[in-house]
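Below is one structure, written out as structure tokens; comments come after it.
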Amino acid sequence: MRIWDNIFVQGSSAQIKTIAAELGFAKCGIVPAHRLNTGAERLREWLNRGYHGEMGWMDRPEHDRADPRTVMPQARSVIVLATNYFTPHVHPDDAPAGKISRYAWGDDYHDVLREKMRLLLGRMKGEWPEINGRICVDTAPIMEKEWAVGAGLGWIGKHSNLITKDVGSWVFLSELLLDVELEYDEKIVEDHCGTCTACLDSCPTSAIVEPYVVDARKCISYATIELRDERLPDKISENLNGWLYGCDICQEVCPWNRFEKPTEEARFEPRQGETSLPLDRIDTMEHAEYVERFRGSAMKRTKLGGLKRNARHLRGG
Ligand code: SF4
């Protein structure tokens, strides 16, 4: 039996957290890789209600999203990381422009996080060459918010985003699955939403249908990013509140974001200084300009047609 088949070197978890902090991760927690039964039940109920809309990839039977061993059968541990993406900019409210969700202001977080995770795994392999890891950045079928809670990073707020006590909710999550056992975090952060209902009260489309439950079909973010229909639903279209791509209202009103802090990651600064885009620029944008402007941006997801549709609706069309 290799040493890795039993328990990892004492103190290794603390060392991993030190490396993660050195690489700029805001938070790091480590938990055993097992099936998240409670989370799985919640997800099943959410899917059964159809709240995932057209995000069919969330309900693929071959993916047991609650069990990370679906992604890496030999996984024994899950290292969960939070990366702060807050930059102290606001949306200008001068020219007719469409607001971009904060998470998409900078370079595509998939690329940034993947690079940081590779560095983390590389540093760990430098210390412990026998380990094997699988990097998960949003695209793998992993219930990352549930893992983040289990690893003590924060709690899932009534708006269904993870909230940390240190930097609020402007965080990206990523996971590193490892084929070794480690020393695990056991301290859970309690739910600190209390009696607050600011996010439920502020959502212009009432997408938070009950505390902790979002019906994606009513969500401006889902509609402007994920929905491929030619027209947005009327309730969304009439309540866009200036959002061209995504929506941050439920996080902007959250009192826990008074603890937001500027990230040290320069790649999350707004590309070309833009937190909004002029609608007439979208209207006339040709494919070549689109490709150039959004290369390396998370905003590619909605494609040019989606942006034009959203801009048209913002104009009332
Ligand atoms: S706005 Fe209030 S209820 Fe909503 S997530 Fe934040 S603290 Fe919780």
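The values are calculated or read from the model by the stated rules, or taken from the named source; none is laboratory data. What you see is a predicted model, and the numbers here were worked out from it, not measured in a lab. With ideal geometry, Cβ positions are generated from the backbone for all residues, glycine too; neighbour counts draw on all protein chains shown. The protein model used for the area step is the full one, side chains on, heavy atoms only, and it has no ligands, DNA or RNA in it. Shrake-Rupley method; radii C 1.70, N 1.55, O 1.52, S 1.80 Å.
Can you sort Thr224, Thr284 by solvent-accessible area, 1.4 Å probe, largest first?
Reading off the accessible areas and sorting them downward yields Thr284, Thr224.
Using a/c under 1.5 as the rounded threshold, could you call segment 221-317 rounded, prolate or oblate? The axes a ≥ b ≥ c are square roots of the C-alpha gyration tensor eigenvalues, and prolate needs a/b larger than b/c, oblate otherwise.
Values: a/c = 2.17, a/b = 1.21, b/c = 1.80.
Oblate, since a/c reaches 1.5 and b/c is not below a/b.
Keeping every protein chain in place, order Phe172, Phe259 by accessible area at 1.4 Å, biggest value first, i.e. largest first.
Solvent-accessible surface, decreasing: Phe259, Phe172.
Which residue fluctuates the most in the chain, going by a Gaussian network model with Cα springs under 10 Å, if the choices are Ile220, Ile249, Ile131?
For the chain, modelled as a Gaussian network with Cα springs under 10 Å, the answer is Ile131.
Heavy-atom accessible area per residue, segment 140-262, 1.4 Å probe: how many Å²?
41 Å²
Over the alpha-carbon set of segment 91-160, work out the extent along each principal axis and list the three values in angstrom, largest first.
The Cα atoms of segment 91-160 stretch 56, 28, 19 Å along their principal axes.
Restricting to bridges with both residues inside the chain, how much of the DSSP beta-bridge set is antiparallel, in percent to the nearest 5?
So the antiparallel bridges amount to about 95 percent of the total.
For Gln74 and Glu190, compute 0.36 nm times the residue count separating them, minus their Cα-Cα distance, and round to one decimal in nm.
38.7 nm
Using alpha carbons only, how many degrees (0 to 90, rounded to 10) separate the axis of helix 37-48 from the longest principal axis of the chain?
That helix lies at roughly 20 degrees to the long axis.
Once fully extended, how much extra length lies between Glu115 and Lys165, figured as 0.36 nm per residue of separation less the alpha-carbon to alpha-carbon distance?
That pair, Glu115 and Lys165, stretches by 15.4 nm at full extension.
So how much accessible area does Phe86 have, in Å² to the nearest 10, using a 1.4 Å probe?
My reading of the accessible area for Phe86 is about 20 Å².
In the chain, what cysteines have no partner Cβ closer than 4.7 Å?
Cys28, Cys136, Cys193, Cys196, Cys203, Cys219, Cys247, Cys254
In whole percent, and with a 1.4 Å probe on the protein chains, what portion of the accessible area of the chain is carbon and sulfur?
Reported share for carbon and sulfur atoms: 51 percent.
Please compare each pair in Lys165/Lys303; Lys116/Lys303; Lys27/Lys308; Lys116/Lys261; Lys218/Lys303 to a cut-off of 31 Å on the Cα-Cα distance and tell me which ones are over it.
Violating the 31 Å limit, Cα to Cα: Lys165/Lys303; Lys27/Lys308.
Would you look at the GNM of the chain, springs on alpha carbons closer than 10 Å, and say which of Thr195, Thr83, Thr18 moves the most?
Thr195
Hey, how many Å between the Cα centroid of segment 55-106 and the Cα centroid of segment 270-288?
23 Å
Give me the tail of P(r) for segment 22-95 as a percent: Cα-Cα pairs with distance above 17 Å. Before the final figure, lay out each step's value.
Values: 1725 of 2701 pairs.
Tail of the P(r) past 17 Å holds 64 percent of the pairs.
With everything on Cα atoms, drop me the angle between helix 109-127 and the longest principal axis of the chain, reported from 0 to 90° to the nearest 10.
So the helix axis and the longest Cα principal axis differ by about 10 degrees.
What is the log10 of I(q)/I(0) for the chain, computed with the Debye formula using one identical point scatterer on each Cα and no solvent, at q = 0.08, 0.14 Å⁻¹?
After summing over all Cα pairs, the log10 values are -0.38, -1.15.
Say R0 is 35 Å: what FRET efficiency, to the nearest 0.05, do Lys303 and Val209 get from their beta-carbon distance?
Values: r = 28 Å, r/R0 = 0.81.
That gives a FRET efficiency of 0.80.
Once you treat every alpha carbon in segment 136-222 as an equal point and sum by Debye, what is log10 I(q)/I(0) at q = 0.16 Å⁻¹?
Treating every Cα as an identical point scatterer, log10 I(q)/I(0) equals -0.72.
What translational diffusion coefficient, in µm²/s and rounded to a whole number, does the Stokes-Einstein relation yield for segment 62-203 at 4 °C and a viscosity of 1.567 mPa s, taking the hydrodynamic radius as the Kirkwood radius over Cα pairs?
Reported coefficient: 76 µm²/s.
Could you compute the FRET efficiency for Glu230 and Arg44, with r as their C-beta to C-beta distance and R0 at 30 Å, rounded to 0.05? Don't jump to the answer; show the numbers that get you there.
Values: r = 31 Å, r/R0 = 1.04.
Between Glu230 and Arg44 the formula returns 0.45.
With all protein chains present, calculate the accessible area of Met55 using a 1.4 Å probe and round the result to the nearest 10 Å².
20 Å²
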